[in-house]
Amino acid sequence: MIKCYPFNLLFVNIALICLDVVLAFIAFFQLCRIHLRNQRVGWTRQKVLHLMIGSSNCGYFIYFLCMVVATCKRWLCWSNVCGFVLMALPKILFLAAFLLLLSFWADLCHQANDEEDGDEENSSRKPLLETSKTKVGLSNIDIRRKCCSFQGIRVGSRQKFVIVVIVLNVLLIIAFAAIIRIEQKNPSNLLVFARVYIDFLATLVLLIGVAFGCYGFLLFSKLRRVRSEKASSEMRKVVGLAVVSVLCFTSSSLIALFTDVLLFHHWNPEKINGVKALILLILHHVLGSSVPFAFGLWFMRELPAPSTSNRQVQPRAITFISYGSAGRHHHQYCPTATSSEKQVSRTSPN
């Protein structure tokens, strides 16, 4: 196999395969732990994101493995439809995971703004500390509970928008696969269409990174208003994920936009020569996928509180992930100020 595939590129593929296997194992193992600990809640956003992360890394594992085998076995379909689909699908799962997370952050920011606008008239009659412990405190506690515990998801307009974007990307993959199938006898046109698709995805990832930076800053400003002993640790999580997303997404997008390492890696691996091209290839995958996934797994590492109540909780909206009863136990790993907890307990629906 070494004779039919460049040795240095083979070593890079093996390293990336091992990294993807480790991340996929961690994601699915953590998913099993979460499900066994809190089975009655159903599918929460925490479980969905773990499933997407694990599936995306499994897709990358299959892609890198098939790349070596297809090159050595001279699979005819690898240079057109089969290889293109295996290359694109893991990235679609990656985009789905982070777009879904971004939509939750957007919901939290706009929800908090709406609540503050609605209470603006009443807030002028109360002291600042009192306000922060009631309405503003409630919205920010809800922010910390939802963005840090990933519990209680509803399908809102932004989640529907994410689903539409992912469906359009899948249709785009099918369209490009059909074009590549038609142009397989003309390698120059094939590379042009592949270049267009890679640039499109890189631009989309770049925009997502910018959006994470903006909403991360907004969430940070909301969390600063919460009087809590561990509020600083929650803010570090939000800021950390936002900074990692901006840096990693921007770096990987620039590599994809201004270099040809992705094209050569898939269609002409023999043209990847020198240490610089290998380093760019490793950086693109590690910064564009592995590091954000690893940080996301660390960000969601807390286990939800075990469900002990036998009472069926009625959802507040039609959901594709059950709303669950996690809001009742969120103080275990997202503590808030004592006075804010009292206000939440008084205003929470039974």
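The values are calculated or read from the model by the stated rules, or taken from the named source; none is laboratory data. Just so it is clear, the model here is predicted, and its values are computed rather than measured. All Cβ positions, glycine included, derive from the backbone under ideal geometry; neighbour counts span all protein chains shown. In case anyone asks, the SASA skips ligands and DNA or RNA and just uses the protein heavy atoms, side chains included. Shrake-Rupley method; radii C 1.70, N 1.55, O 1.52, S 1.80 Å.
Could you please let me know if Leu303 is open to solvent by less than 70 Å² (accessible area, probe 1.4 Å), hydrophobic (A, V, I, L, M, F, W, C), at pLDDT below 95 and closer than 30 Å to Thr203 by Cα? Spell out how you get there, then give the answer.
Working: open to solvent by less than 70 Å² (accessible area, probe 1.4 Å): yes; hydrophobic (A, V, I, L, M, F, W, C): yes; at pLDDT below 95: yes; closer than 30 Å to Thr203 by Cα: no.
For Leu303, the condition - open to solvent by less than 70 Å² (accessible area, probe 1.4 Å), hydrophobic (A, V, I, L, M, F, W, C), at pLDDT below 95 and closer than 30 Å to Thr203 by Cα - is not met.
Residues checked against (1) assigned to a helix (DSSP H, G or I); (2) within 25 Å of Ala175 (Cα to Cα); (3) aliphatic (A, V, I, L, M):
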residue	(1), (2), (3)
Leu9	yes, no, yes
Val12	yes, no, yes
Asp20	yes, no, no
Ala24	yes, no, yes
Cys32	yes, no, no
Val48	yes, no, yes
Ser55	yes, yes, no
Cys77	yes, yes, no
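Do any helices (runs of 4 or more DSSP H) entirely within region 207-292 hold 1 or more residues that are open to solvent by 30 Å² or more (accessible area, probe 1.4 Å), among the polar types (S, T, N, Q) and under 30 Å from Phe7 (Cβ atoms), and if so, which? Don't jump to the end; show me each part of the working.
Details: elements: 231-258, 261-266, 275-285.
Output list reads 231-258.
Looking only at region 232-262, which residues are in contact (Cβ under 8 Å) with a residue 24 or more places away in the chain and over 30 Å from Asn273 (Cβ atoms)?
Glu234, Lys237, Val238, Gly240, Leu241, Ala242, Val243, Val244, Ser245, Val246
Matching residues to (1) closer than 22 Å to Ser245 by Cβ; (2) outside any helix (DSSP H, G or I); (3) at pLDDT below 90; (4) touching a helix residue (DSSP H, G or I) at 6+ places or on another chain (Cβ under 9 Å):
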residue	(1), (2), (3), (4)
Tyr60	yes, no, no, yes
Met67	no, no, no, yes
Thr71	no, no, yes, yes
Gly83	no, no, yes, yes
Pro90	yes, no, no, yes
Leu93	yes, no, no, yes
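Can you name the number of the only condition in (1) surrounded by 14 or more Cβ atoms within 10 Å (Cβ to Cβ); (2) at pLDDT below 90 that Leu128 fails?
(1)
One residue is enough: does region 73-84 have a residue meeting the conditions under 24 Å from Ile179 (Cβ atoms) and small (Gly, Ala, Ser)?
Going through region 73-84, the residues under 24 Å from Ile179 (Cβ atoms) turn out to be 74-84.
Checking which are small (Gly, Ala, Ser) leaves us with 79, 83.
Scanning region 73-84 turns up at least one residue that is under 24 Å from Ile179 (Cβ atoms) and small (Gly, Ala, Ser).
Those residues that are under 30 Å from Lys271 (Cβ atoms), touching a residue at least 40 places away in the same chain (Cβ under 8 Å) and out of contact with any Asp or Glu (no Cβ under 8 Å at 6 or more places or on another chain), I need them from region 26-84; list them, please.
Looking only at region 26-84, we keep the residues that are under 30 Å from Lys271 (Cβ atoms), and these are 56-84.
Subset that is touching a residue at least 40 places away in the same chain (Cβ under 8 Å): 56-57, 60-61, 64-65, 67-68, 71-72, 79-81, 83-84.
Across region 26-84, the qualifying residues are Ser56, Leu65, Met67, Val68, Thr71, Cys72, Ser79, Asn80, Val81, Gly83, Phe84.
Select from region 190-206 the residues that are open to solvent by 60 Å² or more (accessible area, probe 1.4 Å) and either farther than 30 Å from Gly240 by Cβ or touching a residue at least 60 places away in the same chain (Cβ under 8 Å) (or both) and list them in ascending order.
Step one: list which residues in region 190-206 are open to solvent by 60 Å² or more (accessible area, probe 1.4 Å), which gives 192-193, 196, 200, 203.
Result: Val192, Phe193, Val196.
If you go through region 85-92 one residue at a time, do you hit one that is surrounded by 21 or more Cβ atoms within 10 Å (Cβ to Cβ) and charged (D, E, K, R)?
Yes: region 85-92 contains one or more residues that are surrounded by 21 or more Cβ atoms within 10 Å (Cβ to Cβ) and charged (D, E, K, R).
Among the numbered conditions (1) touching a residue at least 60 places away in the same chain (Cβ under 8 Å); (2) farther than 17 Å from Trp105 by Cα; (3) open to solvent by 50 Å² or more (accessible area, probe 1.4 Å), tell me where Asn169 comes up short.
Every condition holds for Asn169 apart from (3).
Output the residue which, of all residues in region 17-53 that are buried (at least 21 other Cβ atoms within 10 Å of the Cβ) and closer than 18 Å to Gly288 by Cβ, is farthest from the chain's Cα centre (by Cα).
By that ranking, first place goes to Leu19.
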